[in-house]
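All remarks here apply to the structure that follows.
The values are calculated or read from the model by the stated rules, or taken from the named source; none is laboratory data. Since we're looking at a predicted model, the values are computed, not measured. Every residue, glycine as well, gets a Cβ built from its backbone with ideal geometry; the counts of neighbours run over all protein chains shown. Please note that ligands, DNA and RNA were not included when accessible areas were found on the heavy atoms of the full protein model with its side chains. Shrake-Rupley method; radii C 1.70, N 1.55, O 1.52, S 1.80 Å.
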Amino acid sequence: MKKISLSSLLLLLISVDLFGYNFLTVGDPRASWYTYQGTIEEASLSVRPKGIYLEYGLYLTFSARGTYLNSSQDTLEVVLNFDLPEGAIVTDSWLWIGNDIVRAKILDKWSASSIYEGIVNRRRDPSILSKQSATQYELRVFPMVGNGTRKVKITYLMPAKWNKSNITADLPTAIVNTSMNKPPYLSLFAFTDSTYTTPDIVNDEIIQFTSETDSVFGDFKKAFVSLSEYDKNIKIGYNNPMEKGLFFSKFQQGNEGVYQLAVLPDAFLEAANIRKTAILVDYDISNTTIAISELLNTLKNEMLNYLNEKDSFNLIFSNLTISRYSEKWVSASKTNIEDAFNSLSDPLSTYSNLPALLGNGIDFIKKNSNDGKIILVSNSDSYGESQIANKLINDLVALMNPKIQIHISDYQTVNFPYYYINNTYYTGNGYLYDKLSRITLGSYHRQTDGLSVSEIIDRSFQYIGGAITLFDLYTRMQSGLCHSRYNLIGDNNIAYLSDPLIQVGKFKGTFPFKVEITGEYNNEIFSKEFEIQENEALISDSTSQIFWTGQYIKNLESGQQTNNIINEIIYNSLNDRVLSLYTSFLCLEDTAMICNNCPDETVLIGIDEIELIQDSIIVYPNPFAERLTIELICTNPGENGRLAIYNVTGTLIHQFELAGLIRGKNTFTWNSENLSSGIYLLIYQNEKTSKTLKLIKK
């Protein structure tokens, strides 16, 4: 074993794209190749559920603020390179020319690029949106005056993650983060209908929706994501529309059409295991940018998504003395899970105590029927060397009889030590976690694979639930056939009990619609069949056809590219306005392309609301024992402000020094060791706002 040299480390980092590929530049394409980081002045997102997808409308306003290219004589090009999940389907692009909205044409890429490059030389007003790879996209806008702005909209279908309680998708904060001067907020408009009624931010309790209605846009929910939240992996969610583990919708013309299907396996398999899961949480503050409160909130939501009252759980936390929520298994009902987290107070230390934590978890399972499994959520890196790791693994395995499955979610993202062991590179505790999970027949998931914290915990819960191997999801009509099916899951040969099987396909014939699920579970072959009557199907719009076309194009793009295949991709891309590797969306300064009925949802932002979200404040933990952390989100740091703690009689207890406030998140800590138990008030005031929070000292 040896540590990696600096040159090897640089090569390793360059060869692995950990967190996507997003950047924004501005420059004069006719004067110099040199570019500067651009600014996003305003950002808004509309969200509409569309069956198995969510439709995103991302509005961005660009500028060159903060660069040397800031005069009315500068003629600049804006270039935004951005990353979307594989499976995203880009369906439209708009460009504002003055007060007019120009809706893009979709052309083959060669024609579109030729027109765009010619227009750059003629100083007209185009934008071009292209797909570079399965996940990478590029938007170019020209011209932008150096002291002016350009506004665009990108519309795309976002693949949603389905679970038993909701459907979720990431917000595009990584794109907003490309800005040199970040916008103070991302405006969020979540639209509802009779099927999808309750949008929510599923992993952030600070961001709250308000109910709104508009004569043009109808009912919707509005929220603002503040600048301080951009570095978090924030997700929007809606209620899961499944009934008894099933969702089915159709878009039909005559006796044929496109269907969307989602099936939750454990709703149909009586043999599904009852899960007993000990969740072990380890936290080293130096190895992550995630606050303890955010980590625990994410973990709580994943437990609510995957566990039900038939399952059992316990929470075990790393500290100087390892603490357990309970000494017995607890039913994983929604009430019990929420109570477990609400009753916690300073459960985690800011340093790792990993060996003691694992030993405690094994001891708990042995004393409580010895048939549970472990999910370890950790960012420790103190046991990465092979000699240390091997000794720890041997000691842990010696405690088990039989072996206990350990599923590991590694969320370390900063300050990695690197190791080279047995011709393999490892980061942090990677060697320990990889070997321990394999020996115990568990699994290992890490954030450095480009996943979020919620995604790696999500994957651990998938493995806890068990898997169906050799599975097949087969559909047919009573009279007729189903064809051209696409399964929207990662592996066509395996499915997880707690993850819905999602399929889009075409049908021709008459109902009922028949569904058959077959596979092997717990070494036994099973087959389940059920019918869907026509009156039980939800009615979808023509977006269903776009879903199917997007999957069809994705399948063609992933195979060998021949002239016939490329022509087929281009034909379907142009026919259904689905962006492909061989087409582009092109906006031109052409009166024939002006869209007079394109609805601009950014008109829904009220000036009075913008004032209200200028500053916000977060405290944790609350109730608190001694140490209190305060996060002040400030967008106008130059204003006179005051932050202080008072008792209930109005006596000043402590005033914080606010000199040096920055735009964004400002963190303060306060040690209340000599303060008596009781209720106190934290008050923040500036020239525009006043905010009061109740504090509880234990």
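Brief remarks follow.
- Residue check for ARG459: of a type in the set (Lys, Arg), outside any helix (DSSP H, G or I) and in contact (Cβ under 8 Å) with a residue 12 or more places away in the chain: no
- In summary, strands (runs of 3 or more DSSP E) completely within the stretch 493-607 and bearing 3 or more residues that are under 21 Å from ALA88 (Cβ atoms) and open to solvent by less than 20 Å² (accessible area, probe 1.4 Å) occur at 501-521, 583-587.
- Unique residue being part of a helix (DSSP H, G or I) and within 26 Å of the chain's Cα centre (by Cα) when the list is ASP363, ASP339: ASP339
- Odd one out for GLY148 among (1) open to solvent by less than 40 Å² (accessible area, probe 1.4 Å); (2) within 32 Å of the chain's Cα centre (by Cα); (3) at pLDDT below 95: (2)
- Within the stretch 654-680, the set of residues being among the charged types (D, E, K, R) and either in contact (Cβ under 8 Å) with a residue 40 or more places away in the chain or open to solvent by less than 60 Å² (accessible area, probe 1.4 Å) (or both) comprises ARG663, LYS665, GLU673.
- Flag if ASN640 is surrounded by 15 or more Cβ atoms within 10 Å (Cβ to Cβ) and either more than 30 Å from GLY218 (Cβ to Cβ) or at pLDDT 85 or above (or both): no
- Candidates are the residues of the stretch 298-356 that are among the acidic types (Asp, Glu) and open to solvent by less than 20 Å² (accessible area, probe 1.4 Å); the one that is nearest to ASP499 (Cα to Cα) is GLU302.
- Complete set of residues in the stretch 558-584 that are hydroxyl-bearing (Ser, Thr, Tyr) and in contact (Cβ under 8 Å) with a residue 12 or more places away in the chain: SER558, SER573, SER580, TYR582, THR583, SER584
- Residue that is farthest from ILE279 (Cα to Cα) [pool: residues in the stretch 369-380 that are touching a strand residue (DSSP E or B) at 6+ places or on another chain (Cβ under 8 Å), open to solvent by less than 30 Å² (accessible area, probe 1.4 Å) and of a type outside the set (A, V, I, L, M, F, W, C)]: ASN379
- Tallying residues that are at negative phi and out of contact with any strand residue (DSSP E or B) (no Cβ under 9 Å at 6 or more places or on another chain) within the stretch 238-265 yields 2.
- Which listed residue, of LEU451, LEU470, LEU441, is of a type in the set (A, V, I, L, M, F, W, C), in contact (Cβ under 8 Å) with a residue 12 or more places away in the chain and closer than 29 Å to THR549 by Cα: LEU470
- Hits in the stretch 214-236 (condition: of a type in the set (A, V, I, L, M), in contact with a strand residue (DSSP E or B) (Cβ under 7 Å, 6 or more places away or on another chain) and more than 16 Å from LEU632 (Cα to Cα)): ALA223, ILE234, ILE236
- The set of residues in the stretch 386-432 being open to solvent by less than 40 Å² (accessible area, probe 1.4 Å) and in a loop (DSSP other than H, G, I, E, B) consists of MET400, ILE404, TYR411, GLN412, THR413, PRO417, GLY428, ASN429.
- The condition of being of a type in the set (Gly, Ala, Ser) and surrounded by fewer than 18 Cβ atoms within 10 Å (Cβ to Cβ) holds for only one of SER460, SER479, SER443, SER437, that being SER479.
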